[in-house]
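Structure first, commentary second.
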Amino acid sequence: MSAEAVSVKFQGLAALSDVNLTVLRGEVVGLIGPNGAGKTTLVNCLTGFQRPTTGRVIVAREDTAGWAPPRFRKAGVARTFQAGRLFRDMTVAENVEVTGVGLGLDRKTAHAQAMVMLDWLGIADKADRTAGTLAYTDERRVGIARALVIPPAFVLMDEPAAGMSDAEGEELISLVTSIPGKFGCGVLIIEHNMRVIMNVSTRLYVLDGGRILAGGTPAEVQANPAVISAYLGADI
Ligand SMILES: Nc1ncnc2c1ncn2[C@@H]1O[C@H](COP(=O)(O)OP(=O)(O)OP(=O)(O)O)[C@@H](O)[C@H]1O
Ligand SMILES: [Mg+2]
């Protein structure tokens, strides 16, 4: 899937300017950039939550103009959110099941599949808890279970490890890196920690002020003079 010359303007503010980005199945693509760089806006454009002001988003060679988020999901593009977005009065398992049912599974299969995912994420013991009682970091794990309950072609993850301890974050990131092999999909991951993103990404993009500052393999990006002068050594 790809963004082609995508720009987004909010009133006068250029949140994204002429952004080109591609994610292929089987790779983990990193997306980094400082607060307000436009990372979430880009993921929103790639999943139907934000319409580009100009430019196109292509999924499976189709122009997605006018597609709402459910159409993106049905076409195989799943996402997670920076914050939970769970049904707070439902159980953890039900929160994952409803996504499965929405995508056509019967209730029993959806429950079984939800439990497989929760187990993989290490939170099967919390399946019967009310989602509203979860810690922020577990909410995000449930979001990942939802995104993968029926394996998508692409999963876009908005800072899945934010707020986690180093050990917890590393564990989660190692699960993320196993997603292409286990589910056969491509991953786009937003992550602030430079060391982490350099380790997990096949390729990465650096977004700055709504523009792609650099893109390439971790080695290429680390050697890019624009990146060196702006960020070297910093977590962005
Ligand atoms: N719905 C909106 N209406 C107006 N401005 C918005 C909207 N959403 C985002 N913005 C602005 O667009 C810019 C990009 O925001 P975005 O949330 O995409 O950044 P980000 O890179 O995800 O930041 P962070 O690292 O803090 O999550 C910011 O200046 C933000 O204030
Ligand atoms: Mg964001």
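The values are calculated or read from the model by the stated rules, or taken from the named source; none is laboratory data. This structure is a prediction, so every number in the text was calculated from the model and none was measured. Cβ sites come from the backbone with ideal geometry, for glycine too, and all protein chains shown count toward neighbours.
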List pairs: first in segment 94-113 and outside the structural domain of residue 147 (by TED's automatic domain parsing), second surrounded by fewer than 17 Cβ atoms within 10 Å (Cβ to Cβ), Cβ under 8 Å, 6+ apart or cross-chain? none
Determine whether segment 25-45 contains at least one residue that is within 18 Å of residue 157 (Cα to Cα), more than 14 Å from ligand 2 (Cβ to nearest atom) and of a type in the set (Ser, Thr, Tyr). no
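If I ask for residues that are part of a helix (DSSP H, G or I) and more than 25 Å from residue 102 (Cα to Cα), which ones from segment 139-174 would you list? Give the derivation first.
Step one: of segment 139-174, the residues part of a helix (DSSP H, G or I) are 139-148, 166-174.
Selection gives 166, 167, 168, 169, 170, 171, 172, 173, 174.
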Check off (1) under 15 Å from the mean Cα position of the chain (by Cα); (2) in contact (Cβ under 8 Å) with a residue 24 or more places away in the chain for residue 171 and give me the number that stays unchecked. (1)
So which helices (runs of 4 or more DSSP H) are wholly in segment 185-236 and hold at least 3 residues that are exposed (fewer than 15 other Cβ atoms within 10 Å of the Cβ) and at pLDDT below 90? 225-231
Scanning for something over 13 Å from the mean Cα position of the chain (by Cα), under 16 Å from residue 186 (Cβ atoms) and of a type in the set (Val, Ile, Thr), does segment 18-34 turn up at least one residue? yes
With criteria (1) modelled with pLDDT of 95 or more; (2) buried (at least 23 other Cβ atoms within 10 Å of the Cβ); (3) under 23 Å from residue 30 (Cβ atoms), residue 160 comes up short on (1)
Checking residue 8 against (1) closer than 12 Å to residue 206 by Cα; (2) in contact with a Cys (Cβ under 8 Å, 6 or more places away or on another chain), only one condition comes out false. Which one? (1)
Looking only at segment 98-137, count how many residues are aliphatic (A, V, I, L, M) and touching a strand residue (DSSP E or B) at 6+ places or on another chain (Cβ under 8 Å). 2
Qualifying positions in segment 24-43 - within 9 Å of ligand 1 (Cβ to nearest atom) and not hydrophobic (A, V, I, L, M, F, W, C): 33, 34, 35, 36, 38, 39, 40, 41
